[in-house]
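Data block below; observations after.
No lab work stands behind these numbers, since they all come straight from the coordinates. Everything numeric here is computed off the predicted structure, so don't read it as measured data. No Cβ is skipped: glycine too gets one built from the backbone with ideal geometry, and neighbour counts run over all protein chains shown.
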């Protein structure tokens, strides 16, 4: 029997069928115009109708190795040929090798992982583990945070994505203020922010708090690089009160900040660390909870009441090994550090040229621009949890000029793949330079 060739769908058909039959994330569906994507390589992707885009946000800050890396693809293919799935109650070579490799890379003495499907359920399970190990119920989290959209993870999330998802069961999470209070108020001192945190701990009752979950560097809330001493102080407070420190490195892990993990910049070892995104460069879904021996030992004699059908999925583990191979062979963590300096220069040039750029922040290839209407008052170009005609126009101009990135409130993210070079960074500068002229028109003299 001769099989007929399947006709490729046009760009219009791809978009129309996706909108008709599938639900898109975080959006009212009417009026959506998603890009129909056909292929991707390196730091670029291409639409079905042939438009080429610079991926200046690594999609959702996750395609760390760049698109189409053959080492990751071949690792997935080899594993699929050998063993595409087996129950998580069984042991596999690929699971063994990935666990061993992560134990080598993870901070300090973290040497055991529980694999999940992604970042949200990694955070869910980290919270579950903390409550089991400590016998306490409450979890501290920061307001300028995002930990995922599943029930427990979104309850821990501080930013407004939590509001429509709150339920009576989210009361066991207590949110605390960050060191950063917005572009106009700026940063607390380390002493002030740690004093506020300790006061919250005392008011809530230290013996009721299982864990403090935090992104070492909050991502979608503005690439908020903490002042030196803050994370060390959090570590000390957690130790003082017997609270487990959970660092959500779903976004910052695997070289994004110029180190393997963000906590490495400050020499801090959390009790648990959550991973996803860059773990596989997002070629296949996989997350993980890494834990120190003092945490893992609890489950030597106590049942871990949790599990996932796709825990330790062979294809996910293979993709992670392929991604780590790519990071190591091409020194992408070092490239993130080196190109991070080049990105800092791009930021400086944009701020010098455009009065609408109020603040630029970055560490490694993890950065953002905050836009303002007034350089003196630092009034944001869009309000908290809102947008403005100017920000919408800038976002549209970036797409029109061939850049994909994340525009949220008054910020523009600059988080390209870790394989980017200086010429590609310059391409990004030129697109941003052109689009920001729209913002300059709204700046008051």
- request: Report, for the chain, the % of DSSP beta bridges that are antiparallel, rounded to 5.
  value: 65
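Among 134, 405, which comes first, second and so on when ranked by fewest other beta-carbon atoms within 10 Å?
On the way: 134 19, 405 24.
Neighbour counts put them in this order, fewest first: 134, 405.
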- request: Give the peptides 38-45, 182-189 in descending order of average Cβ contacts within 10 Å, highest first.
  value: 38-45, 182-189
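For 266, 409, 163, 26, which order do you get if you count the other beta carbons within 10 Å of each Cβ and list the fewest first?
On the way: 266 16, 409 21, 163 10, 26 6.
Exposure proxy ranking, most exposed first: 26, 163, 266, 409.
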Dmax and Rg, reported as Rg then Dmax, of the stretch 113-205 (C-alpha, Å): 14.3, 41
- line: Sorted largest first, the C-alpha extents of the stretch 45-85 along its principal axes in whole angstrom are 37, 24, 17
query: By how many nm would the segment from residue 344 to residue 430 lengthen if fully extended, with 0.36 nm per residue of separation less the alpha-carbon distance?
result: 29.5 nm
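Using 0.36 nm times the number of residues separating residue 192 and residue 90, minus their current alpha carbon distance, what extension gain do you get?
Details: separation 102, 0.36 × 102 = 36.72 nm, distance 4.94 nm.
Between residue 192 and residue 90, full extension yields an extra 31.8 nm.
Could you rank the peptides 300-310, 367-377, 56-66 by their average count of other C-beta atoms within 10 Å per residue, with the highest value first? Before the final figure, lay out the partial values.
Working: 300-310: 10.4, 367-377: 19.8, 56-66: 24.2.
The densest-packed peptide leads the list: 56-66, 367-377, 300-310.
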message: For residue 375, project a label point 7 Å along Cα to C-beta. Then give me every residue of the stretch 407-445 with its amide nitrogen under 11 Å of that point.
response: 444-445
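Over all directions, the average projected area of the alpha-carbon convex hull for the stretch 70-329 comes to how many nm²? All intermediate terms of the calculation are to be shown ahead of the outcome.
Values: hull surface 55.6 nm².
Directional mean of the projected Cα hull area for the stretch 70-329 stands at 13.9 nm².
Please give the contour-minus-distance gain from residue 423 to residue 100: 0.36 nm per residue of separation, less the Cα-Cα distance, rounded to one decimal in nm.
On the way: separation 323, 0.36 × 323 = 116.28 nm, distance 3.68 nm.
Gain on extension, residue 423 to residue 100, equals 112.6 nm.
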- line: Least to most buried among 384, 406, by other C-beta atoms within 10 Å and fewest first, runs 384, 406
field: Relative intensity, log₁₀ I(q)/I(0), of the chain from a Debye sum that treats every alpha carbon as a point, q = 0.13, 0.14 Å⁻¹
entry: -1.26, -1.44
